[in-house]
């Protein structure tokens, strides 16, 4: 046990009265005194010390709770940031897939247009071939028939002047029409090719 001299006890009491400063901690329990006034002072010191400890403990608990809340919030934020990062990666992947599908669709459209153009050219070419063949068969047929008629008239010594002039006129008209048909077809084909290259 610790025992102070009376002058020290009086000094401690005076400091407490004037400045509100008192002894603190476990040392108070070790002090022994015979003075009732200092005993009363020590009891007040014990009460104040207990109150201060309780307050400090309460503040410490509050700080620990706040720290725990902050740690929980930090963990939640990390989880949210992870989810946000995943969402951003998924959005980026979706955008990449969308661009890829768009590119494939454009390539498919271009291929389809090329195929359609090829089919149109093929059908136009076939149609032109049919028109040219029919026109040539008609021209050849009319020319052959007119020539046969002219030959028959010559063989039977009939009037050949009318048939001869008709025959030469007919061949002139047939050749003119044949060149006209072929020229028209070639002009249309050239015009279509010029429009497509622009």
(Q) Which of the numbered conditions does residue 157 fail, given that it passes all the others? Conditions: (1) in a helix (DSSP H, G or I); (2) in the same structural domain as residue 190 (by TED's automatic domain parsing); (3) more than 30 Å from residue 190 (Cβ to Cβ). (A) (1)
Q) Under the condition of being surrounded by 14 or more Cβ atoms within 10 Å (Cβ to Cβ) and within 16 Å of residue 2 (Cα to Cα), which residue from segment 18-38 is farthest from the chain's Cα centre (by Cα)? A) 35
Q) Can residue 100 be described as without any contact (Cβ under 8 Å) to a residue 60 or more places away in the chain, more than 38 Å from the chain's Cα centre (by Cα) and surrounded by 10 or more Cβ atoms within 10 Å (Cβ to Cβ)? A) no
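The values are calculated or read from the model by the stated rules, or taken from the named source; none is laboratory data. No experiment lies behind these values; they were computed from the predicted model shown. Neighbour counts are summed over all protein chains in view; Cβ atoms, including those assigned to glycine, are modelled from backbone coordinates with ideal geometry.
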